[in-house]
Amino acid sequence: MDNKKIIKNLKNLRSLEAAGAPRELWLLSNRETLMSQIKPAPAPEYQAAKTDGVYYWQYFSGLFKQKVLQPAVSFISILMLMLTYTAMASVASASLPGDMLYPVKATGEKVSIALTFENDKKLELQMNFVGRRVDELTQLAKKDETTEVKARKISLAVKKLTQDVQSVKDNLDKISVKPEDSKVVEVAKVIDSKTLEVEQNIALVHQQLPEEVKGEVAQDVQKAISTAEEAGTSALGVIVENHNSGENKVSESEVTSRVAERIKNVEQNIAQVQLSALQVSTTTVEIITTGVSAVGTSTVEKIVATTSTIAIIGDKPQQAQEAIEQAKDLLGQKNFNSALEKIKESKEIINNVISDPKIVIPASAIKNTILNSSTSLIITNTQISATTTRTSETTRDLLKK
Amino acid sequence: MKNPLAQKILFLKVKNQDPDAYGQFYDLYVKRIYRFIFFKVNSVSDTQDITSEVFLKVWQYLKEGKEVKNLNAFVYLIARNSVVDFFRARQRQAENLQTDGLPEVADKNQDLLGRQILESDLNSTLKGLNNLKDEYREIIVLRFLDELSISEIAEVLNKSKGSVRILLHRALKALKDNVSH
């Protein structure tokens, strides 16, 4: 007989009286005796009041005290924490700047970057995140919200975008000492192309914003665009260096087309600055010449705001255009380094025009502008907030005259 | 009781000296404890006396507010001690039975068994069980008839889990030998 059979037989023995099965009658009488022995002692009141719920609670709280179950309980707790985090992270991945869970997303990205050790992979990842920022910006722009909230959120998104692009540039500058590193060159190519896309996308989103929001975030947008431009130029620098070092990882035609693309981009910027300046200038002049009394106080305020942004930039756009022309010539001569320098120079001039709020037109100059209806003054609409206080008085005086 | 959670709750009620719960507890355990004692003393009247005593002792112990960790193992422990007390008392009365004088009792019972059950596998298993030494029989009853876990048996017998496993292995082997001879 094998073990299984023996064990089966042993279990079957239970019902046999000979194997210790008690008689039913005795069981019952014994129960009665036992109950009569234990029942007379009345249970204390507090115990009588106990419901089943209390016992269930006692049982579950007892589980936490058991040594054997402690690791299981800790394991389950850790598992629950992890699950909560994963759930939160997946919800956070869809969050936008200004949302409650957005910091979770940002932290997650920072951790991913910190855990990536290869330079090229790190840059690639950072560039992906820049792509996410652009998506966020696009989504925010489409959202239906009050001007104030929208402006605040867009401003946040644009600032985060600028920050991310800046860190791409910083990283690239740090590692671009070795242009012969083919992997880095590959990433540089990606950055070069993507920054152009990013710039166009930001500009596009900015164009589509409602007028009030547009003005509010203009400065931030401009900063983002110029940072992207700088990062792109740095990336292009790495590509050019690689080409010059004779590694031949990048063909001459490719460098030419990439530099040409940059030049085109800067030219577009110059054209845009000129255009928007002319628009503002013309409107202002028109309003002022129609006369203050005719248009009412609210328009006066508008004029004050707009006029206060008038800045003398003289022939700056022309200078920028000249630099770009030189860059084109140098590109024709295949002198990529110098061409790149000229691009940078031109870009710098344009940036100064856009972002320097200190160049403010004096009252007399505005008066001349109005009298002559001249469009020689270039006005940009990006300095509204920065210069309002400084020039509003001057402008008011002028308007009174 | 099939539902382990319900059983745990019942045990908690028993520990909190709920008489009705203790009644249910009695229903749940009386047959097992009875059998456990029966295999030790091999007399129906003695088994009945000791069984009644065990359930009263457990209740009194709980009434004193003493802590019982594993009620399941605790009832067997009390039963075991009661049997030991029973044999001691007998010894003092200078009767012819000793604590480990079970083989004799078992032999005495052979006729009774023969009368009650047919010659079969079951019969030979029971015979083999009765012919085992006390220590082996006890552990087999605890493990396979009463289905106590190894750790519960260890608690009842005051042994380590390892030695319970070894003992169980030897007991099963001895039973197998008894049955096949």
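The values are calculated or read from the model by the stated rules, or taken from the named source; none is laboratory data. Everything numeric here is computed off the predicted structure, so don't read it as measured data. Neighbour counts are summed over all protein chains in view; Cβ atoms, including those assigned to glycine, are modelled from backbone coordinates with ideal geometry.
Values for this structure:
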{"read-out": "Subset of segment A:1-26 that is modelled with pLDDT under 80 and more than 7 Å from chain B (Cβ to nearest Cβ) - its residue that is nearest to B:His169 (Cα to Cα)", "value": "A:Asp2"}
{"read-out": "Flag if A:Ala114 is crowded, with 17+ Cβ neighbours inside 10 Å and of a type in the set (Gly, Ala, Ser)", "value": "no"}
{"read-out": "Residue in segment A:326-333 that is modelled with pLDDT under 55 and crowded, with 22+ Cβ neighbours inside 10 Å present", "value": "no"}
{"read-out": "Residues of segment B:150-181 satisfying the condition of being within 12 Å of chain A (Cβ to nearest Cβ) and within 22 Å of A:Gly20 (Cβ to Cβ)", "value": "B:Leu168, B:Ala171, B:Leu172, B:Ala174, B:Leu175, B:Lys176, B:Asn178, B:Val179"}
{"read-out": "Helices (runs of 4 or more DSSP H) wholly inside segment B:105-175 that include at least 2 residues being buried (at least 16 other Cβ atoms within 10 Å of the Cβ) and modelled with pLDDT under 85", "value": "B:121-131"}
{"read-out": "Segment B:1-18, residues that are over 15 Å from A:Trp57 (Cα atoms), more than 7 Å from chain A (Cβ to nearest Cβ) and touching a residue at least 12 places away in the same chain (Cβ under 8 Å)", "value": "B:Met1, B:Val14"}
{"read-out": "Evaluation of B:Ala73 against (1) part of a helix (DSSP H, G or I); (2) under 20 Å from B:Glu147 (Cβ atoms); (3) within 11 Å of chain A (Cβ to nearest Cβ) (one fails), failing number", "value": "(3)"}
{"read-out": "Scan of segment A:96-125 for residues that are in a helix (DSSP H, G or I), more than 11 Å from the chain's Cα centre (by Cα) and touching a residue at least 12 places away in the same chain (Cβ under 8 Å), ordered by number", "value": "A:Val104, A:Gly108, A:Ser112, A:Ile113, A:Asn119, A:Asp120, A:Lys122, A:Leu123, A:Glu124, A:Leu125"}
{"read-out": "Qualifying residues in segment B:19-36 (those that are farther than 19 Å from B:Asn81 by Cβ and within 7 Å of chain A (Cβ to nearest Cβ)) - the one modelled with the lowest pLDDT", "value": "B:Pro19"}
{"read-out": "Test: B:Ser45 is more than 8 Å from chain A (Cβ to nearest Cβ), polar (S, T, N, Q) and free of Cβ contacts under 8 Å to residues at least 40 places away in the same chain", "value": "yes"}
{"read-out": "Residue check, A:Pro97 crowded, with 17+ Cβ neighbours inside 10 Å and over 30 Å from B:Gln7 (Cα atoms)", "value": "yes"}
{"read-out": "Residue count for segment A:1-20, restricted to those that are part of a loop (DSSP other than H, G, I, E, B), surrounded by fewer than 16 Cβ atoms within 10 Å (Cβ to Cβ) and small (Gly, Ala, Ser)", "value": "0"}
{"read-out": "Single condition B:Ile50 does not satisfy, out of (1) in a helix (DSSP H, G or I); (2) facing another protein chain (nearest Cβ under 10 Å); (3) under 26 Å from A:Lys39 (Cβ atoms)", "value": "(2)"}
{"read-out": "For A:Gly246: the one exception among (1) more than 29 Å from A:Glu136 (Cα to Cα); (2) assigned to a helix (DSSP H, G or I)", "value": "(2)"}
{"read-out": "Qualifying residue in segment B:77-96 (condition: within 30 Å of A:Leu63 (Cα to Cα), at pLDDT 85 or above, within 9 Å of chain A (Cβ to nearest Cβ) and within 19 Å of the chain's Cα centre (by Cα))", "value": "no"}
